[in-house]
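Colleague: Quick one: this structure, given as structure tokens, is what I'll be asking you about.
The values are calculated or read from the model by the stated rules, or taken from the named source; none is laboratory data. In this text, all values refer to a predicted model and were calculated from it rather than measured experimentally. As a convention, Cβ positions derive from the backbone with ideal geometry for all residues, glycine included, and neighbour counts pool all protein chains shown. Note: accessible area is taken over every heavy atom of the protein model, side chains too, but ligands, DNA and RNA are not part of it. Shrake-Rupley method; radii C 1.70, N 1.55, O 1.52, S 1.80 Å.
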Amino acid sequence: MYPYFRALSDSEGTTATFEGKDVVMLGSNNYLGLTTDPRVREAAIAAIRRYGPSVTGSRFLNGTLELHLELERRLAKFVGKEAALVFSTGYQSNVGTITAILQKGDFVVIDKDDHASIVDGCLMSQGEMKRFRHNSVDSLDGVLSKLPAEAGKLVVVDGVYSMGGDIAPLAEIVEICQRYGARIMVDDAHGIGVTGGGRGTSAHFDLTDKVDLIMGTFSKSFASIGGFIAGDADVIYYIQHKARSLIFSAALPAPNAAAVLTALDIIETESQHVENLWDNAEYMRKGFKELGYNTGNSNTPIIPVILGTDFVTGLAWNALIEEGVYTNPVVPPAAPPNGGLLRTSYTATHKREHLDRALRAFKVVGERLDLIPTRPELA
């Protein structure tokens, strides 16, 4: 029954082999399906032949390649900011940025559902952390109204929340931040490549100029690993010289950077990948609703199936594996108390036969475990 740290022996992207069983993969963040794109793979292979598997140093000293600088220029332009800075992981991007910016006497205000890397960055910083209720603009207003007017204030939110699949109400958040003189940072790890035609949540709301910092990762839509922060050039230059997770870590290997550059080429020139992703997501959202499942407030290609207790969540996860569908079981503290869920996510490369197979499995398991009403007409 224990579902964590169990190995996949093979993964094609839309399907995988899990402990000898062929399963439809509904548990990855490979939103655009680019990990299997031959152009992305060939770019990584070419880079490893030229540069090798490691740069053997930090960006601060011998670890900066021209490839990194090109990637930073391209990413900044892609998200509509003056400059960008590439880190070796998304976790390091958030921790490095937040700890660099916040000083003693500053306040950082975060959504209660923000990613753990944001929380850790706040705890490691010299600033004081405050939290507001998830996606509640009234709660955010209440927190900011109690802070000293002269203090430095940074609000950090996810653009798309990784468990609930809901989008931050960015327009209202920006308006409140402007009212109280707070800066705003958006962690768009699950928004880049997905929302705003692929350019992220700030672009989705046409608020790129109003958001101070945009963070993204490469391990989702960009088919690699790593992360970046983008914003005004002087702010990025400051972070570059203060972020300990950048200065004291080895730089992103060339094959990973090359993969991101090629993925970026594809996203910028082939809009069908984002369109296919959303078509698949809406197909599954409709299918879950017809079956009678609770998918919460999801309005993105991340669709949680909310079940309740840890035990029921584990039972359903195991039963779905037996039916040939891989999902991610999420229990507290990553989910609310008695809010255990199966996190499902979709890719541009899922075919209708994959999605129909998954819905049939959810129907069988849901009826067997009494999670949904029996619906003979949906057989």
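Colleague: Just the number please: accessible area per residue for region 1-104, 1.4 Å probe, all protein chains included, in Å². Write down the numbers at each step before the final one.
Modeller: Working: 5260 Å² over 104 residues.
Heavy-atom SASA per residue in region 1-104 reads 51 Å².
Colleague: Provide the packing ranking of 356-368, 168-180, i.e. peptides ordered by the mean count of other C-beta atoms within 10 Å per residue, highest first.
Modeller: Details: 356-368: 19.3, 168-180: 17.7.
Highest to lowest by the protection proxy: 356-368, 168-180.
Colleague: Once R0 is set to 22 Å, what does the formula 1/(1 + (r/R0)^6) return for the Cβ-Cβ distance between Ser54 and Arg74, expressed as a FRET efficiency to the nearest 0.05?
Modeller: Values: r = 22 Å, r/R0 = 1.01.
The pair Ser54/Arg74 has a calculated efficiency of 0.50.
Colleague: With a 10 Å radius around each residue's Cβ, average the other Cβ atoms per peptide and rank 188-195, 309-316, highest first.
Modeller: On the way: 188-195: 29.2, 309-316: 17.2.
Highest to lowest by the protection proxy: 188-195, 309-316.
Colleague: Something else about it: In sequence order, what are the phi-derived ³J(HN,Hα) couplings for region 165-182 according to the Karplus relation 6.51 cos²θ - 1.76 cosθ + 1.60 with θ = phi - 60°, rounded to whole Hz, with x for glycine and proline?
Modeller: After applying 6.51 cos²θ - 1.76 cosθ + 1.60, I find x, 9, 8, 5, x, 5, 4, 5, 5, 4, 4, 5, 4, 5, 5, 9, x, 9 Hz.
Colleague: Excluding Arg6 itself, calculate the net charge of residues whose Cβ lies under 15 Å from the Cβ of Arg6, where each Lys or Arg counts +1 and each Asp or Glu counts -1. List each step's numbers first, then the result.
Modeller: Values: positive: Lys21; negative: Asp10, Glu19, Glu322.
For residues surrounding Arg6, the net value is -2.
Colleague: Long-range amide H contacts for Asn294: which residues qualify at under 5 Å (H placed 1.01 Å from N, peptide plane, sequence gap of 5 or more or a different chain)?
Modeller: Placed amide hydrogens put Ile306 under 5 Å from Asn294.
Colleague: Can you tell me the length gained on complete extension of the stretch Thr269 to Leu61, counting 0.36 nm per residue apart and subtracting the Cα distance?
Modeller: Working: separation 208, 0.36 × 208 = 74.88 nm, distance 3.47 nm.
Value of the extension gain: 71.4 nm.
Colleague: For the peptides 318-326, 222-230, 159-167, what is the packing order when you average, over each peptide's residues, the other Cβ atoms within 10 Å and list the highest mean first?
Modeller: Working: 318-326: 18.8, 222-230: 26.4, 159-167: 23.9.
Descending mean neighbour count gives 222-230, 159-167, 318-326.
Colleague: Hey, with R₀ at 22 Å, roughly what FRET efficiency would Lys351 and Arg6 work out to, going by the Cβ-Cβ distance, to 0.05? Show your work: numbers first, answer last.
Modeller: Working: r = 26 Å, r/R0 = 1.17.
In this case the efficiency is close to 0.30.
Colleague: Could you tell me which of rounded, prolate or oblate describes region 214-261, using a ≥ b ≥ c as the square roots of the eigenvalues of the alpha-carbon gyration tensor, with rounded for a/c under 1.5 and, failing that, prolate when a/b is larger than b/c and oblate otherwise?
Modeller: On the way: a/c = 2.42, a/b = 1.50, b/c = 1.61.
Here region 214-261 falls in the oblate category.
Colleague: For the chain, just say rounded, prolate or oblate: build the C-alpha gyration tensor, square-root its eigenvalues into a ≥ b ≥ c, call rounded for a/c under 1.5, and beyond that prolate if a/b exceeds b/c, oblate if not. Please report the intermediate quantities before stating the final value.
Modeller: Numbers: a/c = 1.92, a/b = 1.29, b/c = 1.49.
Cα axes put the chain in the oblate bin.
Colleague: Rounded to whole Hz and in sequence order, give me ³J(HN,Hα) for region 340-349 from the Karplus expression 6.51 cos²θ - 1.76 cosθ + 1.60, θ = phi - 60°, writing x for Gly and Pro.
Modeller: For region 340-349, the Karplus-derived couplings read x, 8, 9, 7, 10, 9, 10, 10, 5, 9 Hz, x marking Gly and Pro.
Colleague: Using a 1.4 Å probe on the protein chains only, how many percent of the accessible area of the chain belongs to carbon and sulfur? Don't skip to the end; give the middle numbers.
Modeller: On the way: 8580 of 16420 Å².
On the chain, the fraction of accessible area on carbon and sulfur atoms equals 52 percent.
Colleague: Assuming 0.36 nm per residue, please report the length gained on full extension of the stretch Ile247 to Ala233 beyond their Cα-Cα distance. Walk me through the numbers before you get to the answer.
Modeller: Numbers: separation 14, 0.36 × 14 = 5.04 nm, distance 1.82 nm.
Here the segment from Ile247 to Ala233 would lengthen by 3.2 nm.
Colleague: Between region 190-207 and region 306-379, what is the C-alpha centre distance in whole Å?
Modeller: 28
Colleague: Check Gly226: other-chain or 5+ apart residues with amide H under 5 Å from its amide H, H built from backbone geometry?
Modeller: Gly90, Phe218, Ser219
Colleague: Taking square-rooted eigenvalues a ≥ b ≥ c of the alpha carbon gyration tensor, is region 80-167 rounded, prolate or oblate, where a/c under 1.5 means rounded and, failing that, a/b exceeding b/c means prolate? Please report the intermediate quantities before stating the final value.
Modeller: Working: a/c = 1.71, a/b = 1.13, b/c = 1.52.
Oblate is the answer for region 80-167, as a/c is 1.5 or above yet b/c matches or exceeds a/b.
Colleague: Can you work out the FRET efficiency for the pair Lys21 and Phe311, with r the C-beta to C-beta distance and R0 = 25 Å, to the nearest 0.05? Walk me through the numbers before you get to the answer.
Modeller: Details: r = 23 Å, r/R0 = 0.90.
The computed FRET efficiency comes out at 0.65.
Colleague: With θ taken as phi - 60° and the coefficients 6.51, -1.76 and 1.60, list the Karplus ³J(HN,Hα) couplings across region 140-149 in order, rounded to whole Hz; mark glycine and proline as x.
Modeller: 4, 4, x, 5, 5, 5, 8, 8, x, 4
Colleague: Taking amide H atoms as placed 1.01 Å from N in the peptide plane, list the residues 5 or more away in sequence, or in a different chain, whose amide H sits under 5 Å from that of Ile184.
Modeller: Correct list: Val155, Asp212, Leu213.
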